[in-house]
Amino acid sequence: MSISKVLLISCYELGHQPFSLASPLKFMSDEGILVDSVDLAVEDINNYYDQIQSSLLIFVSVRMHNALRQGVRLSQKIRTINDRVHLCFYGDYAGLNAEYLLSDSHADSIISGEFEISMVELARLILNEAYDYKSPPEGVSTSCVKSEPVLQRMPFLVPERQGLPDYSNYARFRDEHGKLHLAGSTETTRGCKYECLHCPVTSVYHGRFFVIPEDVVLSDIRNQVEKGVSHISFTDPDFLNGPSHAIKIVRLLNYEFPEITFDFTARISHLLKYEDLLIEMKNSGCAFVVSALELLNDDILQLLDKGHTRLDIERTTKMFQEIDLVWRPSLLPFTPWTSIDDFLDLVDFVGSNDLINNIDPVQFSLRLLIPPNSVLYDSYSHSSWMGNLDAANFTYIWHHSDLRMERLWSEINDLVRESQKLDSSYYDTFIKIEKLAYELAGKDMSFSKFVTQHRPIPAGLTESWFC
Ligand code: SF4
């Protein structure tokens, strides 16, 4: 069997079979470029020694912060096996951290935004020995050429999933009865039309988004259903950026596969605005919706440009209860502006609204990341709490002025890690988080608005991270 000269590696894609492999694989194969791929989330890189050794070009997908950490470790390993290979990092986090990745020799080139066509061009030049790092293809940054993220609409193709690890390797969908099902994923749009300050999508797409044609989306779903998948996660940054597109896809999906369930992510303002669509989606197989609640303090929500208020969060909570649809809020409790009372307010809200089982405990430990080259850094670079760039950890360091918040963050991190090791319930972990927060605040827990959880564990994926 001949070994390809191009290797695509995905580090981690939130428990899903990587779209960031499947999509460029199709673009490459249509151009006749022979490519191997490996998903490090479920495969052992040591089984790919020969491919690494004989590759001329290796692409490493880093679409999120955790993936970038792994990608950097991986690049060191790759360099020891093959010091002539061209290493290209692609994905939003590659673009944000381009200077560090290029200057520290982790990468020879970087692509962000709509990456597929630039990847094909780069592969073609390298395979034809025509690549010049001083004049790379459009959208490719090198140590001497800085390219902007690619933000041109491209001809979307049905992702090539044939050679990827099968779905039994990935996160399952757990229904409301606790039964596990094979889960697949796809995207119906890319980018986002909003510009929330802390969101990495903002720093790359700057309010632009691209719609993937419905026949491409449906074909991708069809291919996955044929492989046994019975649940689809729509992994768009915001599924409701194009509401008519979203509902059209849902109707087509439900018409062809009435038994398939699905989930999606959307911002709170969209959920409130499109309540009628939400009801139709629930009746068409929507099993749960993820949405970034973040925290409840209106001033901080405004600073982050979230486009929702505490009142909106209360209305959304009520709306999901009335529709009887599962809401899985994601959180951002630790920011330089969050007070310990804000944190208590958040746990009280979660406890008193029967949301404990809807929120993975790891969400209570999330801390604001400030990537280099982000809009967030540009906006607050002169603030007293802003520290130096920790380039190797891909974030600016910041310290809270209230040391109790730093301690709370660190202790919740330990607590959540321990709970995951012991496989503790969300409920038990939540109680410990609540107790810790009240103790550090020096307040009596009898003021807690905690109510006993009365709903069963809601439907979700068997993966803690979903943002
Ligand atoms: S947080 Fe959500 S709505 Fe805001 S910019 Fe990011 S993806 Fe868009």
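The values are calculated or read from the model by the stated rules, or taken from the named source; none is laboratory data. All values reported here derive from a predicted model rather than from experimental measurement. Ideal geometry is used to build each Cβ from the backbone, glycine not excepted, and the neighbour counts take in all protein chains shown.
Looking at Leu422, Leu408, Leu403, which is the one that is aliphatic (A, V, I, L, M) and touching a Phe, Trp or Tyr at 6+ places or on another chain (Cβ under 9 Å)? Step through it out loud before you land on a result.
Values: Leu422 fails: touching a Phe, Trp or Tyr at 6+ places or on another chain (Cβ under 9 Å); Leu403 fails: touching a Phe, Trp or Tyr at 6+ places or on another chain (Cβ under 9 Å).
Only one candidate qualifies: Leu408.
I'm trying to understand the selection: among the residues of region 160-201, which are polar (S, T, N, Q) and either touching a residue at least 60 places away in the same chain (Cβ under 8 Å) or within 16 Å of the ligand (Cβ to nearest atom) (or both)?
From region 160-201, those polar (S, T, N, Q) are 162, 168-169, 185-186, 188-189; that's our starting set.
Those that are polar (S, T, N, Q) and either touching a residue at least 60 places away in the same chain (Cβ under 8 Å) or within 16 Å of the ligand (Cβ to nearest atom) (or both): Asn169, Ser185, Thr186, Thr188, Thr189.
Is it fair to say Ile9 is under 30 Å from Ser203 (Cβ atoms) and crowded, with 20+ Cβ neighbours inside 10 Å? Before the answer, list the steps.
Values: under 30 Å from Ser203 (Cβ atoms): yes; crowded, with 20+ Cβ neighbours inside 10 Å: yes.
When the stated conditions are applied, Ile9 passes them.
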Assuming Gly307 fulfils every condition listed in (1) under 22 Å from the mean Cα position of the chain (by Cα); (2) buried (at least 16 other Cβ atoms within 10 Å of the Cβ) apart from one, which condition is it?
(2)
Given the conditions (1) assigned to a helix (DSSP H, G or I); (2) over 23 Å from Ser37 (Cα atoms), report the number of the one that Leu125 does not fulfil.
(2)
Sole exception among (1) under 21 Å from Pro18 (Cα atoms); (2) more than 16 Å from the ligand (Cβ to nearest atom) for Ser141, by number:
(1)
Residues within region 17-32 that are surrounded by fewer than 23 Cβ atoms within 10 Å (Cβ to Cβ) and in contact with a Ser or Thr (Cβ under 8 Å, 6 or more places away or on another chain), tallied:
1
If I go through region 38-60 residue by residue, how many of them are of a type in the set (D, E, K, R), assigned to a helix (DSSP H, G or I) and surrounded by 15 or more Cβ atoms within 10 Å (Cβ to Cβ)?
0
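Looking at Leu346, Leu368, which is the one that is hydrophobic (A, V, I, L, M, F, W, C), within 15 Å of Leu304 (Cα to Cα) and at pLDDT 95 or above? Let's see the steps before the verdict.
Details: Leu346 fails: within 15 Å of Leu304 (Cα to Cα).
After ruling out the rest, the residue left standing is Leu368.
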Give me the pairs, please: first residue somewhere in region 234-259 and part of a helix (DSSP H, G or I), second residue anywhere and charged (D, E, K, R) and within 16 Å of the ligand (Cβ to nearest atom), beta-carbon distance under 7 Å, and either six or more positions apart or on two chains.
Asn241/Lys193
Out of (1) more than 14 Å from the ligand (Cβ to nearest atom); (2) touching a Leu at 6+ places or on another chain (Cβ under 8 Å), the one Gln321 does not meet is (2)
Which listed residue, of Ser219, Ser185, is modelled with pLDDT of 95 or more and surrounded by fewer than 19 Cβ atoms within 10 Å (Cβ to Cβ)
Ser219
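Given the structure, is Glu256 within 14 Å of the ligand (Cβ to nearest atom) and not hydrophobic (A, V, I, L, M, F, W, C)?
On the way: within 14 Å of the ligand (Cβ to nearest atom): no; not hydrophobic (A, V, I, L, M, F, W, C): yes.
When the stated conditions are applied, Glu256 does not pass them.
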